[in-house]
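Report on the structure given below.
Quick note: the coordinates plus some simple rules give every number you see, no bench work behind them. These numbers come from a predicted model, not from an experiment. A quick note on method: Cβ atoms are made from the backbone with ideal geometry, for glycine too, and the neighbour counts reach across all protein chains shown.
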Amino acid sequence: MSGTLGIDFGTSNSAAGICVDGKPQLVTLEGDEPTMPTAVFFDFESKKMLVGAAASDALLAGEEGRYMRGLKSLLGTRLIRESRLLLGERLDFMDIVARFLREVKTRAEMATGQSFTRAVSGRPVRFHSDDEPRNAQALEDLKECYARAGFDEVRFLNEPEAAARASREVLNPGDLGLVVDIGGGTSDFTLFRQSGQQDIDILSSYGVRVGGTDFDRQLSITRVMPQLGMGSPIRHAFGSETHIAPNAIFNDLATWAKIPFLYGPDTIRDAKDLHKYAVHETRLARLVKVLEEELGHDLAFAVEAGKIMANTPEVENPVIRVGMLKRNAVLPLPAEMMNRKLKVLANKVGEAAEAALAQAGIAPDAVNKLIFVGGSSLMQVVEDALVDRLPCAEVHRGAALTGIVDGLALASGDGWQ
Ligand SMILES: Nc1ncnc2c1ncn2[C@@H]1O[C@H](COP(=O)(O)OP(=O)(O)OP(=O)(O)O)[C@@H](O)[C@H]1O
Ligand SMILES: [Mg+2]
């Protein structure tokens, strides 16, 4: 018998679940982990596309190949339909997302012994903030990816609404709750009232394209990229004048989804030109090294690890480990420095929460439960931005990484019409 699979296809991590006797049951896709990295690696040696942890492991082991993460953020952009030659096949990024989803389907089928022809998938409330045509296109793209992955039908549920469904136990009838789901790519909100022990009324859902990968990007641009020459002077070929190195390469190098496109001959030539005329020669030499040796993702992982370290109170001296630039080198990242750098983004998340309330005509002090899910909800700077705005709400921490898939698993048990 074919069944319905709940799938949380995340920017950074994905998970799957089914509904058993009215309860959500997580399907383990990888070892004992509840989630798997949304990552792929085209391995040039074995000529295979690796998925999940195997993809990240291959990258970190320095295998020859092409690594990709953050593919979800390409939905709705022109780039997603651009094709390239990978392992002898011409593929666009839709195909790559589809193959990732097909792998989720296959693994779930292996784990459960069922076959899945239908999916209930999460979706961000707004993939691209205010850009409505792009939001609509992103949903169309995702639908098509599910079809290419071999699902006959797919239904979508706003990610925070799924988390709201899975949060019923922590609320009492009459409670007004706000789910705050801060993931890798977007921040999403659902305001709901618990109307009975098992029922919720959704009052509003809202979202903004700010997530953990934007925090990584901001930290990379302000803390790491200057060490590679961002913002530094470049001499003119003739005369004594200088100009500032253009930002484009650095911005892309700090953006997870853009890194794989930087290793072509044109970008390396541009970087070498900058290096030739650089006032800070050693910095631009690092840029050339990162591009030539394809170290962009290693750098991005180092920034992400530094962010998590700086957000962990027990760590005394948080740092970004940049040994790939210079042996054993570290860049200190004290918590207060990080929080200062991320304040503007955290406030954008806070403002989006206010907009979710305004949409439903609810005053901030009427909300009495705040339910945090998503990996980036663990960021102190984000929690502060929300708690300041919702002074009467009691904070609940749902399962940070599985709150959404639990709700999707529950929804997969609903009738299909
Ligand atoms: N302990 C932590 N402290 C701070 N950030 C963390 C921590 N653990 C994970 N993160 C961040 O959480 C993000 C991933 O969260 P999550 O898995 O919820 O995202 P996602 O569901 O893949 O993305 P989205 O829902 O936006 O598509 C990453 O940016 C990661 O760096
Ligand atoms: Mg998510």
Item to check | Amide H contacts under 5 Å for GLU394, placed H, 5+ residues apart | outcome: LYS369, LEU370
Checklist outcome for this item: Computed about the Cα centre, the charge dipole of region 265-370 from +1 Lys/Arg and -1 Asp/Glu charges at the Cβ has a magnitude in debye, to the nearest 20, of 300
Next on the checklist: To the nearest 20 Debye, how big is the dipole of region 213-338 about its Cα centre, given +1 on the beta carbon of each Lys and Arg and -1 on that of each Asp and Glu?
Outcome noted: 340
Checklist outcome for this item: Stretched fully, the stretch from MET110 through GLN25 gains (0.36 nm per residue minus C-alpha distance, one decimal, in nm) 29.1 nm
Checklist entry - Which one of GLU159, GLU383, GLU64 has the biggest mean-square fluctuation once the chain is modelled by GNM with Cα springs under 10 Å? => result GLU64
Checklist entry - What is the helix-to-structure angle for 93-112, meaning the angle in degrees between its Cα long axis and the longest Cα principal axis of the chain, kept from 0 to 90 and rounded to the nearest 10? => result 50
Checklist entry - Counting pairs of Cα atoms in region 21-70, how many percent are more than 18 Å apart? => result 38
Checklist entry - Counting DSSP beta bridges with both partners in the chain, what percentage is antiparallel, nearest 5? => result 70
Checklist entry - When ranked by the protection proxy of mean other Cβ atoms within 10 Å per residue, highest first, what sequence do the peptides 390-403, 295-308 form? => result 295-308, 390-403
Next on the checklist: Give me the tail of P(r) for the chain as a percent: Cα-Cα pairs with distance above 33 Å.
Outcome noted: 36
Checklist entry - What's the local net charge at PRO34, with K and R +1, D and E -1, over the other residues with C-beta under 14 Å away? => result -4
Next on the checklist: Using Cα-Cα distances under 8 Å and only pairs 6 or more residues apart, what relative contact order does the chain have, in percent?
Outcome noted: 19
Checklist entry - Looking at this model, which pairs from LYS289/LYS343; LYS289/LYS341; LYS143/LYS289 are more than 30 angstrom apart at the alpha-carbon? => result LYS289/LYS343; LYS143/LYS289
Checklist entry - Whose amide H sits under 5 Å from the amide H of GLY65, counting only residues 5 or more places off or on another chain, with H placed in the peptide plane? => result PHE44
Checklist outcome for this item: Of the residues ALA108, SER187, TYR277, the Cα lying farthest along the dipole of the chain towards its positive end, which is defined by charges on the beta carbon of Lys, Arg, Asp and Glu, belongs to TYR277
Item to check | At q = 0.20 Å⁻¹, base-10 log of I(q)/I(0) for region 220-340 (Debye sum, equal scatterers on each alpha carbon) | outcome: -1.07
Item to check | HN-Hα J in Hz across region 392-400 - Karplus 6.51, -1.76, 1.60, θ = phi - 60°, x for Gly and Pro | outcome: 9, 8, 8, 8, 10, 9, x, 5, 3
Checklist outcome for this item: Sorted by chain and number, the residues with a modelled amide H under 5 Å from that of ILE320, at a separation of 5 or more or across chains, are LEU331, LEU333
Checklist outcome for this item: Pseudo-spin-label distance LEU79 to GLU169, built 7 Å along Cα→Cβ, given in nm, is 4.0
Checklist entry - Whole-Å semi-axes of region 70-139's equivalent ellipsoid, largest first, each the root of 5 times a Cα gyration tensor eigenvalue? => result 25, 19, 8
Item to check | Computed over region 112-200, the ratio Rg/Rh where both radii use C-alpha atoms and Rh is Kirkwood | outcome: 1.05
Checklist entry - Stokes-Einstein at 4 °C, 1.567 mPa s, Kirkwood radius from Cα pairs: D for region 263-417 in µm² s⁻¹? => result 67
Checklist entry - How large is ³J(HN,Hα) for each residue in region 238-254, as worked out from phi by the Karplus curve 6.51 cos²θ - 1.76 cosθ + 1.60 (θ = phi - 60°), to whole Hz, x for Gly and Pro? => result 10, x, 9, 6, 10, 9, 7, 3, x, 7, 3, 4, 5, 4, 5, 5, 8
Next on the checklist: At 7 Å along Cα-to-Cβ for each site, give me the label-to-label distance between LYS348 and GLU140 in nm.
Outcome noted: 2.6
Item to check | Mean Cβ count within 10 Å, highest first, over the residues of peptides 42-54, 97-109 | outcome: 97-109, 42-54
Next on the checklist: Using only Cα atoms and rounding to the nearest 10 degrees, what angle (0 to 90) does helix 132-148 make with the longest principal axis of the chain?
Outcome noted: 80
Item to check | 3J(HN,Hα) from dihedral phi, region 218-230, Karplus parametrisation 6.51/-1.76/1.60, rounded to Hz, x for glycine, proline | outcome: 4, 5, 5, 5, 8, 10, 9, 4, x, 6, 9, x, 4
Checklist entry - Can you give the direction-averaged projected area of the convex hull of the alpha-carbon atoms in region 112-261, in nm²? => result 14.1
Checklist entry - Viscosity 1.306 mPa s, temperature 10 °C: Stokes-Einstein D of region 1-137 from its Kirkwood Cα radius, in µm² per second? => result 99
